[in-house]
Amino acid sequence: MKNWSLASRLLILILPICLIIMLAMSLCTYLTARVVILREAEQGVNAITQAAAAEVHAFFTQRINEIDIIRRSPLFEDHFKNVEYSLRQEAEVYRVQIEGMLSDFASRTRVYPRVYYLDPSGKTLCLIQDGKAVRAGGTFESPDFLEAVKRMSATGRPLSRTERVQWYGYPILRYGVPILDTHGIARGALIFDCSLSSVHAFLGKLRLGISGRVRLTQRPRRTRAGPFPQWLGKGLIASSIPISGTSWAVIMAVNPREFTDRLTLISTVTLFLSVLASMLVIMIITRQVRLLLIPLEELRSAAKTYASGHLDRRVNVSGPTELAELAQSFNAMAENLRQRTAALIQTEKLTAVGTLIGGIAHELNNPLAAVTGFAELLKDTPRTDEEREDLRHLYESSLRCRDIVQGLFQFVRQEQPVMARVSVNDAIQAALALSEYRLVKGEGIEVVTELDTSHPEIAADFKLLQQVLVNLLNNAVDALRDHSGRKVLWLRSSSTGGNVRIEVEDTGPGIAAGERNKIFEPFFTKKTKKGMGLGLSISAMIVSQFSGSLSCEEGRDRGARFIASFPPCPPGIKVAEALRRTADPRRKGARILVVDDEPDVAQLMLRFLREDGMDVVALTDPEHAKRRLKEDVFDLVIADLDMGPIKGTDLLEQLGGDPRPGFMLVTGDILNDEAKAWASGRNIPVVTKPFLRTDFLRVVHRVLAP
């Protein structure tokens, strides 16, 4: 060894160590990658199972809601009363109407191969099969199920049971609800045989890898092996989520070898190449290894950390020029990928929300208008304290539903605001007026206002600024609701340092420093029982449209303080005319024609107008409305924009395009920009559903004003 060169000695010393290190690193990399891959596969299985369970739960919930709506039809009461009074012809008329309603319902939903309407003895009064009425008669095939249904209460959840029937090739989910009179006596029953084929077809399309499948099965009993059935086998990555309110569960399983087999081959090839590379590196750049090891190891670790999902990982720029440039390139690449990933996630969320909103806008806003309107009517009627409290909760919940829908529209559309000169003090007082009753009376919160006496002004949209303040007030209420300490809320305005500031501060539990930036991200929320995580995101977006910024910091008593900062209003911006509303003149006794194919909404507008002293005719058939316009004279026509084949605009076209009598439209399709542009070009007001009584009547008075 004395005659060996230094390079040979160095190689003999380094080569075994490097080989051992490379083997250990390869093994660790393999084991780490295997754990990461299996963990990500498990997360993927859980995510797909949760998404599938959510869809299945929505399917079952929709069935229960549909059945609950059908059984509330007054046709059943009319039918059994006529039967009781031996009015056979009248009873037959109502039976035919019930048969038509059930046939239309089964044809529209396409998930009920059979629907029964039975009398108390089990005789079939109406039988709908595959969406068509068939000849009734005979006795229901499952008398024990019928008896269980007849014992149910009027407000009970529909009885459900999985059964196999001879006339259908697959098991069906049978729902049943009783038809009760005012004394709670069963006068009949509705039986809905629901097919699960659409659910199985949907789950059959969800796959992960080759073996990953999703199934809907009866909820298995929990054993030592976990909440999985015995037929599933062992050694699989599996996830089981029960469907709440049912005896079903969604189960997904996948063979882990699909993810690890390729990893073994790659690890073997990588190990072989690594050994060759290490020998070449040792022979060529022995001296440079020690110098380059530290920065290269840092870069490798950063790349591995970044690949595992930590997108904020960066590398210190140091070492030789080449390594410094490499570190800079890695940091630039990592930041670029992080921004693109965040933008992609945001785009996917917005696309999903936009697609969902576009599909449910009209259907959701029509019933929501009826719920909000009738709740508003009922909350002021003489009631007991308990009933008034229940009605107040109903009314506030309906308003919250309306605000959520409008917030989603605002989030998706991101429309440009109408800028005007706005006093921040006026905006604070307007928002406080909307929420003061809930703050003081409902939650017992002490409200303190500290407004700048110089009345600072900014360039903004008054309604959108008011929406931001209401969102911040609602967040403060939620933070203080379960707070055991002092409940105080401060509202401040100031003009210092060339900026106008609005502060909303509470004495709640506050927000952790690490979450103060995340709370403004879409869909981020700390509310476990309510909230979609859009309120602060929408608020920050609106504030940015006014060239401002919204931030959060720790306030006094460790609470949260939200600060909205704006530049002062530039010269030349005018005050919006709508900031100070004046009372619109009223015309008592005006004749008004209301046309809406939704009976509940038509009845709601009828109630609003009659209680305001108007002479009102409400119709749900637009063809009937056309004939009525030819026969009678009205001061105002209020029509739904979309009533199937006949649109509300067709009624105006029938009048020659001249809005005499006065004309206004109501609609639940907020995304219909084409119709709104059409109405705006003809100076026709459009009221969007759901609407409040004061907003609706204000537009009516304005149209009726001379």
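The values are calculated or read from the model by the stated rules, or taken from the named source; none is laboratory data. The structure presented is a predicted model; accordingly, all values stated were derived computationally and were not measured. Here the Cβ positions follow ideal geometry from the backbone for every residue, glycine too, while neighbour counts run over all protein chains shown. Side chains are part of the model used for accessible areas, which takes the heavy atoms of the whole protein and leaves out ligands, DNA and RNA. Shrake-Rupley method; radii C 1.70, N 1.55, O 1.52, S 1.80 Å.
Residue separation times 0.36 nm, minus the C-alpha to C-alpha distance between K234 and Q166: what's the value? In short, 20.9 nm is gained.
Other residues with beta-carbon under 12 Å from the beta-carbon of I573 carry, at +1 per Lys or Arg and -1 per Asp or Glu, a net charge of 0.
Pop the C-beta distance of T694 and T61 into the FRET formula with R0 = 25 Å and round what comes out to the nearest 0.05. Step by step, r from the Cβ atoms, then E = 0.15.
What a 1.4 Å probe finds exposed on the range 79-210 is 51% carbon and sulfur by accessible area, rounded to a whole percent. Cross-link check: pairs K81/K689; K304/K518; K626/K689; K574/K689 evaluated at a Cα-Cα cut-off of 28 Å; pairs beyond the cut-off: K81/K689; K574/K689.
The simple spin-label model puts a point 7 Å past each Cα toward its Cβ; for D621 and E515 those points are separated by 5.7 nm. Taking 0.36 nm per residue of separation and subtracting the current Cα-Cα distance, fully stretching the chain between K123 and D144 would add 6.2 nm.
Solvent-accessible surface of the range 45-151, taken per residue with a 1.4 Å probe and all protein chains present: 53 Å². Ordering R693, R486, R492, R219 by accessible surface, largest first, gives R486, R219, R693, R492; the 1.4 Å probe counts only protein heavy atoms, with every chain in place.
Amide H contacts of C194 (H built 1.01 Å from N, in plane; Pro and chain starts excluded): L173, R174, Y175 sit under 5 Å, all sequence-distant by 5 or more or on other chains.
Taking θ as phi - 60° and the Karplus parameters 6.51, -1.76 and 1.60, the scalar couplings of the range 511-522 work out to 10, 4, 4, x, 10, 5, 8, 5, 5, 8, 7, x Hz in sequence order, x denoting glycine and proline. Stretching D68 away from V575 to a fully extended chain increases their span by 177.5 nm, per 0.36 nm per residue minus the current alpha-carbon distance.
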